[in-house]
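The values are calculated or read from the model by the stated rules, or taken from the named source; none is laboratory data. What you see is a predicted model, and the numbers here were worked out from it, not measured in a lab. So basically every Cβ, Gly included, is an ideal-geometry build from the backbone, and we count neighbours across all protein chains shown.
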Amino acid sequence: MTVDSDGTEDASWDVDPQDEQGIAVLTALGRQLKAWREEAGMRAADFGTAIGYGEDLVRKVEGGKRIPRPEYLDKADEVLNAGGKVAAMKADTEQIRYPAKVRDLVKMERQAVELSAYRSHTIHGLLQTDDHARAMFEMWQPPQTKEVVERGMAARTARRSIFERAPAPALCFVQEEVTLRRRIGGTMVLRAQLEHLLEIAELRHVTIQVMPTDLEEHAGMGGLIQILKFADGSAVGRSEGAFNGRPVSDPRRLRILEQCHAMIRSQALPLRESVAFIEQVLGET
């Protein structure tokens, strides 16, 4: 969060200049907000005072230069007596406040009936607690701004909706042992993360397996793998070590990723043994 030019807290996010779709949505939203304000007979400065923010921020939001936070829109709706019409725009800002590539991933995950994933050096984003995820973002090099970290956190939160879907998709995660032991964010953050994994593992549609470090054979040396399958029979997958790391949907290439992931699963500990292993690591932490 930044600070407005007159010292008031800026209830908004930066706009990604490369996000053409997001810019188009934000421009239309800003024009609508300006039209409602002018229809109410309010100057930008007066409107800003009424909702608790500066004129500079109001003009940036109306000009499509900043993404308003939900609380900004709630206050605007109340001051303009919009009857919920302004507040309803939160659905649009929810979509554009994180990067376009993440929006695409969220959309695919929400449509998937099956997700298979392998992670070698980090815990899968869908499985991370807020504190663990924040610690991960803050460790990026070069260091990221608070704005970038907040956008990343918002994206992680949006992706978690996959656990709330009905009917529930089949979710399979294979995690390297080292990801369960690396104290990202400190001991207490790691303990909370391990406890969270145990809670997720109790869900009937979720399988979490652990790949022990002491194995002599390992099919996952090519790095992360993720495969999403959809109700119409189509699928998309990606692996760091295959096809230049690009997403693929061709059946022949997908079969290669599926075979690799199946081999990884066969080498990893079964579900019950994996849960027991996570409990053991938690006890040692």
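Flag: Met153 does not match the condition of being more than 18 Å from the chain's Cα centre (by Cα) and touching a residue at least 12 places away in the same chain (Cβ under 8 Å).
Annotation: Ala219 fulfils all but one of (1) surrounded by fewer than 17 Cβ atoms within 10 Å (Cβ to Cβ); (2) within 15 Å of Arg119 (Cα to Cα); the unmet one is (1). Considering only region 48-61, I want to know if a residue exists there that is closer than 22 Å to Glu150 by Cα, in a helix (DSSP H, G or I), modelled with pLDDT of 90 or more and out of contact with any Ser or Thr (no Cβ under 8 Å at 6 or more places or on another chain). Within region 48-61, one or more residues are closer than 22 Å to Glu150 by Cα, in a helix (DSSP H, G or I), modelled with pLDDT of 90 or more and out of contact with any Ser or Thr (no Cβ under 8 Å at 6 or more places or on another chain).
Quick check on region 110-130: of everything there that is assigned to a helix (DSSP H, G or I) and within 11 Å of the chain's Cα centre (by Cα), which residue is surrounded by the most Cβ atoms within 10 Å (Cβ to Cβ)? Full working, then the answer.
Looking only at region 110-130, we keep the residues that are assigned to a helix (DSSP H, G or I), and these are 110-111, 125-127, 130.
Right, trim to within 11 Å of the chain's Cα centre (by Cα) and you get 125-127, 130.
Details: Gly125: 18, Leu126: 17, Leu127: 24, Asp130: 14.
That would be Leu127.
For region 53-100, taking the residues that are of a type in the set (Lys, Arg) and surrounded by 16 or more Cβ atoms within 10 Å (Cβ to Cβ), the one that is farthest from Glu20 (Cα to Cα) is identified as Lys75. Of everything in region 237-252, what is crowded, with 16+ Cβ neighbours inside 10 Å and not polar (S, T, N, Q)? Give them in sequence order. Answer for region 237-252, where residues must be crowded, with 16+ Cβ neighbours inside 10 Å and not polar (S, T, N, Q): Gly237, Arg238, Ala242, Val248.
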